[in-house]
Amino acid sequence: MVTLLFDGLAYGMLLFVLACGLSVTLGLMNFINLAHGAFAMAGGYITVVLTSRAGVPFLAALPIAFLASAALGLLFERTLYVHMYDKSHLDQVLFSIGLVFMAVAAIDYVMGSQQQFITLPDYLQGRLDIAGAGIGRYRLFIVVLCGVLAALLQWILVSTRFGSRLRAAVDDQRVARGLGINVGAIFALTFAAGSGLAGLGGALGAEILGLDPNFPLKFMIYFLIVVTVGGTSSITGPFLASLLLGIADVAGKYYIPALEPFIIYTLMIVVLILRPQGLFARAR
Amino acid sequence: MSNVNVPHLLLSRHRWRWPEIAFWLAAFACLLMPSKHLILNEIAILALFALSLDLILGYAGIVSLGHAAFLGAGAYIAGLFAIHVNGDPLLGLLAAAAACGVLGFITSFLVLRGSDLTRLMITLGVALLLGEIANRAAWLTGGADGLQGITMGRLLGLFEFDLYGRTSFTYSLVVLFVLFLLARRLIHSPFGHSLTAIRDNPLRAAAVGIPVKRRLIAIYTFAAIYAGIAGALLTQTTQFVGLDVLSFQRSADVMLVVIIGGAGYLYGGLIGALGFKFLQDWLSALTPQYWHFWIGLILVALVLIGRDRPRRLLHSVQKYVTNRWQSLTGSKAAGSSTGGA
């Protein structure tokens, strides 16, 4: 039971790190970026190449994956995404689906369509016995790392100057502009950070979620659920939504394996019927 | 503005113009190309599917990431109906249409909730959910192997489905034409105009007394029926259903079809289907495994350039030819160049 809860927790934390960038960019620019998963995939593949081909240790590969995906995100934001902000949602959806298709085919071409594996260092393998419950070391590592990241993000958002500018821009872009806040620069930075976090999530999650060229398509629905259920106005909303989704998914897999794939959809529909604006969102 | 005769303007849009007549003449002339009937059949079905998406996307402004849900449901129901109940194609078509209508009606309540983002999630989620059900219920649907053993009866008791697709293509084309006429009639009715009003500004539409929710439910159900019929045609003419009819790829492809042809003027889906199939043929001959890369590139480029460009080009060609024709014949038919919006 505790093991199960813990696995769900780790899974949910991973989803949070993967999706939080999306929720911030969505809240900030009202931009629907379905290609968010492509950045996560990029991070995952970078880690695979670094650890298995270049011999870089796993822990050193993680920051590199973060930075590389962030750089990639910044590049795309400045060259392509920047033209899309004032277009309709349909255009944004088409544009980002196009990017996903290109990313999927490109990765397939370069790396092959097979599942990729990351060899974890010895100290992250195996289980720990804590109070009679077996807890995977790697899961523990993920929970601690993602928990620290979530706390850090919350701190940045609430207590720093950048955070207050970001919140101002999310709340009312025009007024924020009028007060001299450079919304474009804030957005570029946030987009880069979000892509970087997605990349980190992809790197961490390769072991648990699996990594193959279809990754952005497979997890698109998860990201959408986290963002719609959690809302885009804060970081706690997506965080709680991710945990809920993660625990429900893992518990469902264990208790009713026959219905496993239906749990998240049922959850999605129930939440939507009860709270159309999302579980934790302020009604607008 | 005061001297615009509104009923006259609306009626003039409803009138058949020569490009439309030429289009359908050309479409039926394709019946004379027996060697191409198989691919033409695919194009006609894709066109119907795209027409269905165009109804909700181009006219009601609902962005759907999972329109394949209805295509797939229609395909499976037509297949199961043929196996377990009756092999008559038209009855199968009706069964699929009815079932998809019910499905569309039920899901429309979910789709109506929330913003564009929630709609994306719901439509995608419903399609994935159905795909998962089809995958799990292997005893019924054949799972990953696909639904096999479908034998269709003769069409109208007379025409057998042959290997070369002659009956199939004629059947699909006639169904497409009839449903197109129906859609055209619908779009030019007050109902259709109220949909465009909702698309352009839901708040204002509600303010002038249009029951926004009911209209959206109606058109969503209607589009679901169209997609279901497209799926049923697919099953009946290929006599096989695979899991891929419910895949995300299908939903994305049909979106591209509508975008290539242009959304919101009914012919977009039909022209787009033609363009898409040729594109697909050409690209998959070029790079068999990776042709979706080029599809993605086309999507990105289309959006960056502006996706109404091809349609505007078509419009200017139509205007040019009409003007040319008028100056040649010397007749000045009144108001014939007040083109659609």
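The values are calculated or read from the model by the stated rules, or taken from the named source; none is laboratory data. Quick caveat: nothing in here was measured; it's all calculated off a predicted structure. Methodologically, a virtual Cβ is constructed for each residue, glycine included, from the backbone with ideal geometry; neighbour enumeration extends over all protein chains shown.
Going through the range A:99-134 one residue at a time, which ones are in contact with a Leu (Cβ under 6 Å, 6 or more places away or on another chain) and of a type in the set (Phe, Trp, Tyr)?
Across the range A:99-134, there are no qualifying residues.
May I ask you to list the residues in the range B:258-290 that are within 14 Å of chain A (Cβ to nearest Cβ) and farther than 21 Å from residue B:22 by Cα?
Within the range B:258-290, B:259, B:279, B:280, B:283, B:284, B:286, B:287, B:288, B:289, B:290 meet the criteria.
What's the number of the condition residue A:186 fails, among (1) under 18 Å from residue A:48 (Cβ atoms); (2) surrounded by 17 or more Cβ atoms within 10 Å (Cβ to Cβ)?
All conditions are met except number (1).
Residues A:248, A:198, A:258, A:192: which one is away from chain B (no Cβ under 13 Å) and more than 30 Å from residue A:171 (Cβ to Cβ)? Before the answer, list the steps.
Values: A:198 fails: more than 30 Å from residue A:171 (Cβ to Cβ); A:258 fails: away from chain B (no Cβ under 13 Å); A:192 fails: more than 30 Å from residue A:171 (Cβ to Cβ).
Exactly one of A:248, A:198, A:258, A:192 is away from chain B (no Cβ under 13 Å) and more than 30 Å from residue A:171 (Cβ to Cβ), namely A:248.
Can you name the residue in the range B:112-163 that is out of contact with any Pro (no Cβ under 7 Å at 6 or more places or on another chain), without any contact (Cβ under 8 Å) to a residue 12 or more places away in the chain and of a type in the set (Asp, Glu) and, of all such residues, is farthest from residue B:245 (Cα to Cα)?
B:160
Can residue B:113 be described as out of contact with any Phe, Trp or Tyr (no Cβ under 9 Å at 6 or more places or on another chain), farther than 20 Å from residue B:236 by Cα, among the charged types (D, E, K, R) and part of a helix (DSSP H, G or I)? Quick ask: steps written out before the conclusion?
On the way: out of contact with any Phe, Trp or Tyr (no Cβ under 9 Å at 6 or more places or on another chain): yes; farther than 20 Å from residue B:236 by Cα: yes; among the charged types (D, E, K, R): yes; part of a helix (DSSP H, G or I): no.
No.
Yes/no matrix, rows are residues, columns are (1) among the aliphatic types (A, V, I, L, M); (2) closer than 26 Å to residue A:93 by Cα; (3) at pLDDT below 80:
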site	(1), (2), (3)
B:294	no, yes, no
B:305	yes, yes, no
B:310	no, yes, yes
B:314	yes, yes, yes
B:320	no, no, no
B:323	no, no, no
B:328	yes, no, yes
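Name the residues in the range B:109-143 that are under 26 Å from the mean Cα position of the chain (by Cα), away from chain A (no Cβ under 11 Å) and farther than 30 Å from residue B:170 by Cβ, would you? Give the derivation first.
So the first thing to find is which residues in the range B:109-143 are under 26 Å from the mean Cα position of the chain (by Cα), and the list is B:109-135, B:141.
Narrowing further to those that are away from chain A (no Cβ under 11 Å): B:134, B:141.
Selection gives nothing.
When you check residue A:135 against the structure, is it touching a residue at least 12 places away in the same chain (Cβ under 8 Å), surrounded by 15 or more Cβ atoms within 10 Å (Cβ to Cβ) and touching a Ser or Thr at 6+ places or on another chain (Cβ under 7 Å), yes or no? If you could, list the steps in order and put the result at the bottom.
On the way: touching a residue at least 12 places away in the same chain (Cβ under 8 Å): yes; surrounded by 15 or more Cβ atoms within 10 Å (Cβ to Cβ): yes; touching a Ser or Thr at 6+ places or on another chain (Cβ under 7 Å): yes.
Yes, satisfied.
What are the residues in the range A:73-95 that are within 20 Å of the chain's Cα centre (by Cα) and surrounded by fewer than 21 Cβ atoms within 10 Å (Cβ to Cβ), if any? Walk me through how you get there before you give the answer.
First, the residues of the range A:73-95 that are within 20 Å of the chain's Cα centre (by Cα): A:73-77, A:81, A:92-93, A:95.
Scanning the range A:73-95 gives A:74, A:75, A:76.
Can you give me the ranges of the helices (runs of 4 or more DSSP H) entirely in the range B:12-93 with at least 1 residues that are more than 21 Å from residue B:226 (Cβ to Cβ) and out of contact with any helix residue (DSSP H, G or I) (no Cβ under 9 Å at 6 or more places or on another chain)? Write out each step before concluding.
Values: elements: B:18-29, B:37-54, B:68-84.
By residue number, B:18-29, B:68-84.
Considering only residues that are closer than 14 Å to residue A:216 by Cβ, facing chain B (nearest Cβ under 7 Å) and not β-branched (Val, Ile, Thr), look in the range A:96-121 and name the one that is surrounded by the most Cβ atoms within 10 Å (Cβ to Cβ).
Looking at the filtered set, the residue picked out is A:101.
Is one or more of the residues making up the range A:126-139 within 14 Å of chain B (Cβ to nearest Cβ) and on the phi > 0 side of the Ramachandran plot?
Going through the range A:126-139, the residues within 14 Å of chain B (Cβ to nearest Cβ) turn out to be none.
No: the range A:126-139 contains no residue that is within 14 Å of chain B (Cβ to nearest Cβ) and on the phi > 0 side of the Ramachandran plot.
With the range A:208-266 as the region, which helices (runs of 4 or more DSSP H) entirely inside it contain at least 1 residues that are farther than 15 Å from residue A:15 by Cβ and in contact (Cβ under 8 Å) with a residue 12 or more places away in the chain?
Numbers: elements: A:215-218, A:220-230, A:236-255.
Counting at least 1 such residues, we get A:215-218, A:236-255.
Determine, yes or no, whether residue A:94 is in a helix (DSSP H, G or I) and aliphatic (A, V, I, L, M).
Numbers: in a helix (DSSP H, G or I): yes; aliphatic (A, V, I, L, M): yes.
So residue A:94 fits the description; yes.
Of all residues in the range B:236-247 being buried (at least 22 other Cβ atoms within 10 Å of the Cβ) and part of a helix (DSSP H, G or I), which is nearest to the other protein chains (Cβ to nearest Cβ)?
Here is the first cut: in the range B:236-247, the residues buried (at least 22 other Cβ atoms within 10 Å of the Cβ) are B:236-237, B:241, B:245-246.
Remaining after also requiring part of a helix (DSSP H, G or I): B:236-237, B:245-246.
On the way: B:236: 29, B:237: 28, B:245: 17, B:246: 13 Å.
Among those residues, the one meeting the criterion is B:246.
In the list A:214, A:182, which residue meets the criterion of being within 13 Å of another protein chain (Cβ to nearest Cβ) and of a type outside the set (Asp, Glu)?
Details: A:182 fails: within 13 Å of another protein chain (Cβ to nearest Cβ).
Of A:214, A:182, the one residue that is within 13 Å of another protein chain (Cβ to nearest Cβ) and of a type outside the set (Asp, Glu) is A:214.
Could you tell me whether residue A:76 is in contact with a His (Cβ under 6 Å, 6 or more places away or on another chain), within 14 Å of chain B (Cβ to nearest Cβ) and not aliphatic (A, V, I, L, M)? Please lay out each step first, then the result.
On the way: in contact with a His (Cβ under 6 Å, 6 or more places away or on another chain): no; within 14 Å of chain B (Cβ to nearest Cβ): yes; not aliphatic (A, V, I, L, M): yes.
Answer is no for this residue.
Among the residues of the range B:201-229, which ones are in contact (Cβ under 8 Å) with a residue 12 or more places away in the chain and farther than 18 Å from residue B:105 by Cα?
Going through the range B:201-229, the residues in contact (Cβ under 8 Å) with a residue 12 or more places away in the chain turn out to be B:210, B:212-213, B:215-229.
The one that is in contact (Cβ under 8 Å) with a residue 12 or more places away in the chain and farther than 18 Å from residue B:105 by Cα: B:210.
Pull up the range B:138-177, narrow it to residues that are among the β-branched types (Val, Ile, Thr) and in a helix (DSSP H, G or I), then point me to the one that is modelled with the lowest pLDDT.
Here is the first cut: in the range B:138-177, the ones among the β-branched types (Val, Ile, Thr) are B:141, B:150-151, B:167, B:170, B:174-175.
Among the residues that remain, those that are also in a helix (DSSP H, G or I) are: B:141, B:167, B:170, B:174-175.
Numbers: B:141: 81, B:167: 84, B:170: 87, B:174: 91, B:175: 93.
If we take residues in the range B:138-177 being among the β-branched types (Val, Ile, Thr) and in a helix (DSSP H, G or I), then B:141 is modelled with the lowest pLDDT.
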